[in-house]
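Let me give you the structure first, and then I'll get to my questions.
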Amino acid sequence: MILLFSGSITLSYIFILHKLQDTQKMEHRYTIHEITPFTRDWSCKIQVVDKIRPKISRDHRVNFQTTIVQDENEDQICIITYGPEVAHYDNLFKHFHTYLISAAKVREPSRFAIPMHNFEWVLDTFSIVEEVIENNEEESMLPLPSRLNMVSFADIEKQIPGDEFDLVAVVANCGTMKYQGSENRRFQEAILIDDKKKPFLFTIWGELADKDGTELLQQLHRYPVIVAKRIAISNFKQGSKVNELGKGQQSDAN
């Protein structure tokens, strides 16, 4: 069985640590549901649980990105960034890392937004974002989300095509970019193993191979641990051979 990632996957390199930025802390700590457009001088501890790939607005005037975060109660909200802030926060936010956020704009979501919460946050140059690192004496990191639909390697073959699940695995090997079919669809293959060293092959397609595949190659010598979200079993035909693959299905990240 082979696992295919097409759409969006999330990678969490749990061995990578980042320094806490030196910014002034706000006095008032709130949870997501306590924060409204009328709340002043607030801060909130959150964890990044998903990052939607940058998009272009419908009028083609500005690019933006949506990041989904949750607090200690696992209540979730969308964070929106625009224009030059997209690259900055895309590099800053890492999946399943913990941050303290303050001075963000709180507004009602547009009708095109992901239905997540009554409000959404907008980060700009005036917003303050601090990363909470491991072994911080003042702030503890939030635990991994309990809502992850984890499936073991032993149960992958039992999954029904179309049913989504999440997977934690170690990347044991990763190949270089390849091309398939008359359209030269680019893809990259990697070998995942679990704690029992059972291997599975998965494929990353298109833009995901450009970004995530390249990152896997760079970290391969460390045997990175990844969290792959919203995978599903499907059939894939390459030449005369039909293989069962895991297909990442995240409709809001296309």
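The values are calculated or read from the model by the stated rules, or taken from the named source; none is laboratory data. This one's a predicted model, so the numbers in the text were calculated from it and none came from an experiment. Reconstructed Cβ throughout: ideal geometry from the backbone, glycine too, with neighbour counts over all protein chains shown. Side chains are part of the model used for accessible areas, which takes the heavy atoms of the whole protein and leaves out ligands, DNA and RNA. Shrake-Rupley method; radii C 1.70, N 1.55, O 1.52, S 1.80 Å.
Could you please find all residues in segment 195-222 being more than 20 Å from ILE233 (Cα to Cα) and either crowded, with 19+ Cβ neighbours inside 10 Å or of a type in the set (Phe, Trp, Tyr) (or both)?
ASP212, GLY213, LEU216
Determine whether LEU192 is open to solvent by less than 20 Å² (accessible area, probe 1.4 Å), modelled with pLDDT of 75 or more, closer than 20 Å to ALA172 by Cα and in the same structural domain as GLN180 (by the TED database). Step through it out loud before you land on a result.
Details: open to solvent by less than 20 Å² (accessible area, probe 1.4 Å): yes; modelled with pLDDT of 75 or more: yes; closer than 20 Å to ALA172 by Cα: yes; in the same structural domain as GLN180 (by the TED database): yes.
Against the criterion (open to solvent by less than 20 Å² (accessible area, probe 1.4 Å), modelled with pLDDT of 75 or more, closer than 20 Å to ALA172 by Cα and in the same structural domain as GLN180 (by the TED database)), LEU192 qualifies.
Would you pick out the residues in segment 135-151 that are among the charged types (D, E, K, R) and open to solvent by 100 Å² or more (accessible area, probe 1.4 Å)?
Passing the criteria: GLU137, GLU138, ARG147.
For segment 152-169, how many residues are more than 17 Å from the chain's Cα centre (by Cα), surrounded by 12 or more Cβ atoms within 10 Å (Cβ to Cβ) and without any contact (Cβ under 8 Å) to a residue 60 or more places away in the chain?
2
Right, here's the next one. If I ask for residues that are touching a Lys or Arg at 6+ places or on another chain (Cβ under 7 Å) and open to solvent by 40 Å² or more (accessible area, probe 1.4 Å), which ones from segment 74-88 would you list?
None; the set is empty.
Here is a follow-up. Read through the list (1) open to solvent by less than 60 Å² (accessible area, probe 1.4 Å); (2) more than 16 Å from TYR30 (Cα to Cα); (3) in contact (Cβ under 8 Å) with a residue 60 or more places away in the chain, then give the number of the only condition that GLN65 fails.
(3)
Ok, one more. Checking the condition surrounded by 15 or more Cβ atoms within 10 Å (Cβ to Cβ) and within 21 Å of the chain's Cα centre (by Cα), which residue from ILE56, ILE46, ILE35 passes?
ILE46
What about GLU108, is it touching a Pro at 6+ places or on another chain (Cβ under 9 Å), of a type outside the set (Ser, Thr, Tyr), surrounded by fewer than 17 Cβ atoms within 10 Å (Cβ to Cβ) and assigned by the TED database to the domain that holds PHE96? Steps first, answer last, please.
Numbers: touching a Pro at 6+ places or on another chain (Cβ under 9 Å): yes; of a type outside the set (Ser, Thr, Tyr): yes; surrounded by fewer than 17 Cβ atoms within 10 Å (Cβ to Cβ): yes; assigned by the TED database to the domain that holds PHE96: yes.
For GLU108, the condition - touching a Pro at 6+ places or on another chain (Cβ under 9 Å), of a type outside the set (Ser, Thr, Tyr), surrounded by fewer than 17 Cβ atoms within 10 Å (Cβ to Cβ) and assigned by the TED database to the domain that holds PHE96 - is met.
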